[in-house]
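The values are calculated or read from the model by the stated rules, or taken from the named source; none is laboratory data. What you see is a predicted model; the values in this text were computed from it and never measured. Every residue, glycine among them, receives a Cβ derived from its backbone with ideal geometry; neighbour counts consider all protein chains shown. Keep in mind that these areas ignore ligands, DNA and RNA; they rest on the heavy atoms of the full protein, side chains included. Shrake-Rupley method; radii C 1.70, N 1.55, O 1.52, S 1.80 Å.
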Amino acid sequence: NYTTDTKSREENKKTIESLHTLSVNIKKIRRLKEWVLLQDVAYVKEVAGILQEMGADKTAVANILERCPEAILHTPAEVNSQRALWQLVCQNEHQLIKLIEQFPESFFTTEYHENQKANILFFQELGLKNNIITRFLTSAPNIFYNPVEKNKNVIDTLQRSYLSLGGSDANMKIWILKLLSQNPFILLNTSTAIQENLEFLQKNGFTDHEVLQLLSKLKGFIFQLTPTTMQKSMLFSQNVFKCSDQELNQLVLKCPALLYYSVPILEERLEGLLKEGISVAQIRETPMVLELTTQIVQYRIKKLSALGYNIKTGTLESLNGTKKDFEVNYGKIQSKKERPIFNPVAPVNIED
């Protein structure tokens, strides 16, 4: 409820003086969020005092207020309520102040306090560990702004879907917790959207077991797509690889990126590979290469070429995987090249 009308308003001198005493960079605040300095009421000393109580030193306090100046507009009662709330999942105040230093905006969003509290308790009941919940609070704070019933609905839909696709009761909880840990943003979807996406996959000939496979492989990101975008991506891939519906499904299971990435991204990556002299047949054989950006592909091809490895005739497997996977493959090719050729039947020269 703060006004952002900066015309005809003057900066609050008391606020400026208090910030100055704390060695806060006022120019930085003016540049980024000047409206904070125009408010009639601010709680600079009080908020700084609470942060210091939690163990923040002078530099940390200044950094927090520079990064999130709107913190000073919250009453001490609001800040202490957030403090008590986050302590439900933090080991101690030392961990809490470190989190506030890194993610002040998440901590000082107090408008959804009741929803945040209900959701923290719900996630704990669900079996999520506190360190996972703190990661959610900092990296995906908006999932806590939902009413808890909305989040419960999404979880119920996921559980029902898992069982209807042939998942077992015994594994369901582990599956849900893993899915949430990998992608908490699932909770920003509606139950209807989740249902529509699963139905789309079933209508396109994926078996229940294959749909479950895709859900796990895509870490729940499938719920951030729509049937329309998935249809476009699949049609694009089918045209490129000239394959039947069944063959396309097998390619998608091998490389879920064919379903997840939009047509412009797939097009750009495909063009990048073709420019390097790689054939469509090679890409079809190892579609996972499309998960890599064009820049990564170019860098890896360059490194392999320096070892005399010809990507046009070799397998694309050596390009695949994470940075760590690639380094391991590269190391193997390098050591193979450097190893001296030893002929076990050649005569040994012995000098007198």
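I need the full set of residues from the range 258-304 which are within 20 Å of residue 222 (Cβ to Cβ) and without any contact (Cβ under 8 Å) to a residue 24 or more places away in the chain, in order please.
Hits for the range 258-304 are 264, 265.
Say we look at the range 221-254 and pick out the residues that are of a type outside the set (Val, Ile, Thr) and at pLDDT below 90; which of these is farthest from residue 190 (Cα to Cα)?
Per the stated criteria, the residue is 221.
Looking at this structure, is residue 105 acidic (Asp, Glu), open to solvent by 10 Å² or more (accessible area, probe 1.4 Å), at pLDDT below 95 and in contact with a Cys (Cβ under 8 Å, 6 or more places away or on another chain)? Can you show your working first?
Numbers: acidic (Asp, Glu): yes; open to solvent by 10 Å² or more (accessible area, probe 1.4 Å): yes; at pLDDT below 95: yes; in contact with a Cys (Cβ under 8 Å, 6 or more places away or on another chain): yes.
Taking the combined requirement at face value, the residue satisfies it.
This table checks each residue for (1) over 20 Å from residue 218 (Cα atoms); (2) in contact with a Phe, Trp or Tyr (Cβ under 7 Å, 6 or more places away or on another chain); (3) exposed (fewer than 13 other Cβ atoms within 10 Å of the Cβ); (4) among the aliphatic types (A, V, I, L, M).
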| position | (1), (2), (3), (4) |
| --- | --- |
| 240 | yes, no, no, yes |
| 252 | no, no, no, yes |
| 306 | yes, no, yes, yes |
| 331 | yes, no, yes, no |
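So the check is Cβ under 9 Å with 6+ separation or different chains; which pairs have a first residue in the range 183-208 that's surrounded by 17 or more Cβ atoms within 10 Å (Cβ to Cβ) and a second one that's outside any loop (DSSP other than H, G, I, E, B) and charged (D, E, K, R)?
184/135; 187/150; 201/210; 204/245
When you scan the range 142-155, how many residues do you find that are open to solvent by less than 30 Å² (accessible area, probe 1.4 Å) and in contact with a Phe, Trp or Tyr (Cβ under 8 Å, 6 or more places away or on another chain)?
Matching residues across the range 142-155 total 4.
Can you tell me which residue in the range 279-330 is farthest from residue 267 (Cα to Cα), limited to those that are of a type in the set (Phe, Trp, Tyr) and under 25 Å from the mean Cα position of the chain (by Cα)?
First, the residues of the range 279-330 that are of a type in the set (Phe, Trp, Tyr): 299, 309, 326, 330.
Right, trim to under 25 Å from the mean Cα position of the chain (by Cα) and you get 299, 326.
Details: 299: 19, 326: 23 Å.
By that ranking, first place goes to 326.
Being open to solvent by 20 Å² or more (accessible area, probe 1.4 Å) and aromatic (Phe, Trp, Tyr) is the filter here, so list the residues in the range 108-121 that pass it.
Correct list: 112 only.
Taking the range 220-232 as the search range and keeping residues that are touching a residue at least 12 places away in the same chain (Cβ under 8 Å), open to solvent by 10 Å² or more (accessible area, probe 1.4 Å) and not aliphatic (A, V, I, L, M), which one is nearest to residue 147 (Cα to Cα)? Walk me through how you get there before you give the answer.
Going residue by residue through the range 220-232, those that are touching a residue at least 12 places away in the same chain (Cβ under 8 Å) are 220-227, 229-232.
Within this subset, residues satisfying the condition of being open to solvent by 10 Å² or more (accessible area, probe 1.4 Å) are 221, 224-227, 229, 231-232.
Add one more test, that the residue is not aliphatic (A, V, I, L, M), and what stays is 221, 224, 226-227, 229, 231-232.
Values: 221: 22, 224: 20, 226: 24, 227: 27, 229: 29, 231: 32, 232: 34 Å.
That would be 224.
For the range 293-304, give me each residue that is under 14 Å from residue 323 (Cα atoms) and open to solvent by 20 Å² or more (accessible area, probe 1.4 Å).
293, 295, 296, 298, 299, 303
Select, from 235, 258, the only residue that is surrounded by fewer than 17 Cβ atoms within 10 Å (Cβ to Cβ), of a type outside the set (Ser, Thr, Tyr) and more than 21 Å from residue 155 (Cα to Cα). Explain how you work it out, then say what you get.
On the way: 258 fails: surrounded by fewer than 17 Cβ atoms within 10 Å (Cβ to Cβ).
Only one candidate passes the filter, namely 235.
Show me the helices (runs of 4 or more DSSP H) entirely contained within the range 72-172 in which 2 or more residues are closer than 18 Å to residue 190 by Cβ and charged (D, E, K, R).
On the way: elements: 76-86, 93-102, 104-107, 113-126, 130-139, 148-164.
The qualifying helices (runs of 4 or more DSSP H) are 148-164.
Would you point out which residue out of 217, 173 is surrounded by fewer than 17 Cβ atoms within 10 Å (Cβ to Cβ) and of a type outside the set (A, V, I, L, M)? Talk me through it step by step, then tell me what you get.
Working: 217 fails: surrounded by fewer than 17 Cβ atoms within 10 Å (Cβ to Cβ).
Going through 217, 173 in turn, the sole match is 173.
Can you tell me how many residues within the range 50-74 are touching a helix residue (DSSP H, G or I) at 6+ places or on another chain (Cβ under 8 Å) and open to solvent by less than 70 Å² (accessible area, probe 1.4 Å)?
Of the residues in the range 50-74, 17 are touching a helix residue (DSSP H, G or I) at 6+ places or on another chain (Cβ under 8 Å) and open to solvent by less than 70 Å² (accessible area, probe 1.4 Å).
Return the pair list, or none, for Cβ contacts closer than 7 Å from residues in the range 64-89 that are under 15 Å from residue 138 (Cβ atoms) to residues that are among the acidic types (Asp, Glu) and open to solvent by 40 Å² or more (accessible area, probe 1.4 Å), at least 6 apart or on different chains.
Filtered contacts from the range 64-89: 64/101; 68/105.
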